[in-house]
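In what follows, a single structure is set out as structure tokens and then discussed.
Laboratory data are not the source of any read-out in this text; all were calculated from the coordinates shown. Model, not experiment: these values are computed from the prediction. All Cβ positions, even for glycine, are placed from backbone atoms using ideal geometry, and neighbour counts span all protein chains on display.
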Amino acid sequence: MASGFLAVRPEVRAIEERIVATRRDLHEHPELSWKEERTQRLILERLREIGLDDVRATARTGATGLVTGGRPGMAVLWRADIDALPVPEKTGLAYASRTANVMHACGHDAHTAIALGIAETLQAKRKSLAGAVRFVFQPAEEASGGAQACVADGILETPRIERALGLHISADVPLGAINVAAGPFFAAPTFFKVEITGKGGHAAAPHQSIDAVVVAAHVITALQTVVSRSLAPTDTGVLTVGTMKAGFRWNVIAESATLTGTIRTYNDRVLEKTLRAAEQVISGVCAAFGATYEFEHETGCPPLVNDERVTRYVKEQAAKFFGPGAIYGSASMGAEDMAVFLNEAPGCYFWLGARNEAKGIAGRHHDPGFVIDEDALALGVEFGVRLLEGLLGG
């Protein structure tokens with residue numbers, strides 16, 4: 001048990017049961033991106049009960065509220081995402097999802113509960129703070145577009161945000177630790193689709209056709225060389241083909257095939273090189289078989305880049321709370337549209353440990369069996385309060 005566990009203040013311990021209950025309620029009632037109506041109502045009701053200023057809906061299905069300090073000072077954003085995933089839950093938890101094929105399989109229910117706990121704790125001591133904290137409960141992180149919608153709503157303007165903070169619960173980092181690093185910390189996600197067109201025909205006469213399945217198989221195999229043979233070893237990139245759809249009967253040669261996948265990169269230069277190399281591979285393979293293709297791609301959000309100065313501050317506070325040996329520093333090729341906020345204001349986003357193998361809690365994100373150690377919730381509230389107090393002189 002980390003020494004910091006003993007440092008959780010009585011005010012946080014006093015609301016810990018409510019924080020856990022909120023997380024479980026949200027877990028039982030998950031909602032997909034842009035459909036977070038019940039979640040939005042719960043958050044707005046709670047923010048009004050706590051007594052925050054400027055409580056309102058934002059970005060269609062999101063919510064926001066403001067803790068206003070008793071003295072002038074900087075304005076800080078605390079962001080939590082609120083949407084769930086189209087994943088069927090298989091945890092067996094008593095509070096498992098009641099919605100078929102929808103689950104909080106990435107911990108956004110925990111993010112929301114933690115943010116509400118931080119808001120309640122800070123609101124009770126707002127007169128000692130110099131500045132303000134804008135809490136943003138962002139919709140549609142999984143679908144992308146939610147962060148951009150919040151910014152378009154002017155969420156960073158009243159008051160003007162000078163720092164931005166947030167956390168992501170982690171099934172990989174052990175309880176009582178965090179993972180944080182300055183610079184690129186999450187990748188930019190680029191969706192791509194390849195539509196291959198050949199010539200259909202009877203399965204017994206393959207010489208009369210151009211088999212789109214065979215072409216697609218060779219494209220998939222060849223694309224595996226893009227990162228390993230087109231990028232420098234010092235560059236970082238990922239290319240994954242996630243789906244292949246082709247054909248409609250066992251004895252018919254498929255006329256077309258569609259591939260979809262993702263490319264993950266930390267900067268535009270590597271992304272452009274990866275896209276160029278991928279299209280060269282697709283073009284060459286299709287030409288060799290006499291097929292044609294269309295290649296589409298779209299980048300959902302920029303890479304998430306943690307500000308060096310703010311990250312140093314987060315590490316200093318983490319060393320005091322969790323202990324200096326409980327700070328990891330591994331970047332991820334996952335994507336996070338918290339990046340949109342960090343492009344507007346310097347800040348830091350970090351992983352909060354919720355893995356506990358001693359309890360058999362060692363799940364994977366986006367998996368039907370995803371679970372966390374709920375002891376992380378109070379730790380997240382305490383650490384978040386400490387970070388914001390430090391910035392606002394509380």
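Which whole-number percent is the relative contact order of region 188-299 (Cα, under 8 Å, 6+ apart)?
The normalised contact order for region 188-299 reaches 43 percent.
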Sequence-distant aspartates and glutamates (8 or more away, or on other chains) whose Cα lies within less than 20 Å of LYS35
ASP25, GLU45, ASP81, ASP83, GLU89, ASP109, GLU141, GLU142, ASP153, GLU336, ASP337
Under the 7 Å Cα-to-Cβ spin-label approximation, ASP172 and GLU45 lie apart by a distance in nanometres of 3.7 nm
Can you give the three extents of the C-alpha atoms in region 138-213 along their principal axes, from longest to shortest, in whole Å?
68, 37, 22
Straight-line reach only, C-alpha to C-alpha below 20 angstrom: list the lysines that LYS273 could link to, leaving out same-chain residues fewer than 8 apart.
LYS193
Rounding to the nearest 20 debye, state how big the charge dipole of region 188-299 is about its Cα centre with +1 on each Lys and Arg Cβ and -1 on each Asp and Glu Cβ.
220 debye
SER228, SER33 arranged by Cβ crowding within 10 Å, fewest neighbours leading
SER228, SER33
Counting other C-beta atoms within 10 Å, which of PHE186, PHE321 has the fewest, and how do the rest follow?
PHE321, PHE186
Would you please state which residues of region 127-147 a label at GLU389 would reach in this model, taking the label point 7 Å out along Cα→Cβ and a backbone N cut-off of under 17 Å?
127-133
From the list (1) 47, 24, 18; (2) 31, 25, 19; (3) 43, 22, 20, can you say which value of semi-axes √(5λ) of the Cα gyration tensor in Å was derived from the structure given?
(3)
ALA319 and GLN208 label points (each 7 Å along its Cα→Cβ direction) are spaced in nm at 7.5 nm
Kindly provide the helix-only [θ] at 222 nm of the chain, computed as the sum of -39,500 (n - 2.57) over DSSP H runs of four or more divided by all residues, to the nearest 500 deg cm²/dmol?
-11000 deg cm²/dmol
I want to make sure I understand the PRE zone here: with the label point 7 angstrom from the Cα of ALA152 toward its beta carbon, which residues in region 30-68 have backbone N atoms less than 16 Å away?
34-35, 58-63
Compare LEU259, LEU304, LEU32 in a GNM of the chain, Cα atoms joined below 10 Å, and give the one with the largest fluctuation.
LEU259
FRET efficiency (ALA232, ALA143; Cβ distance; R0 22 Å; to 0.05) is 0.10
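Do you know the relative contact order of region 316-394, to the nearest whole percent, from alpha carbon pairs under 8 angstrom that are 6+ apart?
Working: 39 pairs, mean separation 17.7, N = 79.
Relative contact order comes out at 22 percent.
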Among HIS27, HIS207, HIS366, which comes first, second and so on when ranked by fewest other beta-carbon atoms within 10 Å?
HIS207, HIS366, HIS27
The chain, relative contact order in percent, only Cα pairs under 8 angstrom and at least six apart counted
24 percent
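Can you tell me the length gained on complete extension of the stretch GLU162 to GLU357, counting 0.36 nm per residue apart and subtracting the Cα distance?
This chain segment gains 66.3 nm when fully extended.
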Net charge (Lys, Arg +1; Asp, Glu -1) of residues whose beta-carbon lies under 13 Å from that of LYS193, LYS193 excluded, is -4
What shape does region 45-137 have by the C-alpha gyration tensor, where a ≥ b ≥ c are the square roots of the eigenvalues, rounded means a/c under 1.5, and otherwise prolate means a/b greater than b/c and oblate the rest?
prolate
What does the charge add up to near TYR313, with Lys and Arg as +1, Asp and Glu as -1, over the other residues with Cβ less than 14 Å from its Cβ?
+1
Residues other than PRO346 with Cβ under 11 Å of its Cβ, Lys/Arg counted +1 and Asp/Glu -1, net out at -2
What does a probe at LEU93 reach in region 127-145, counting residues whose amide N is under 13 Å from the point 7 Å along Cα→Cβ?
none
Pick out which of ARG23, ARG276, ARG264 has the largest mean-square fluctuation in a Gaussian network model of the chain, springs linking Cα atoms closer than 10 Å.
ARG276
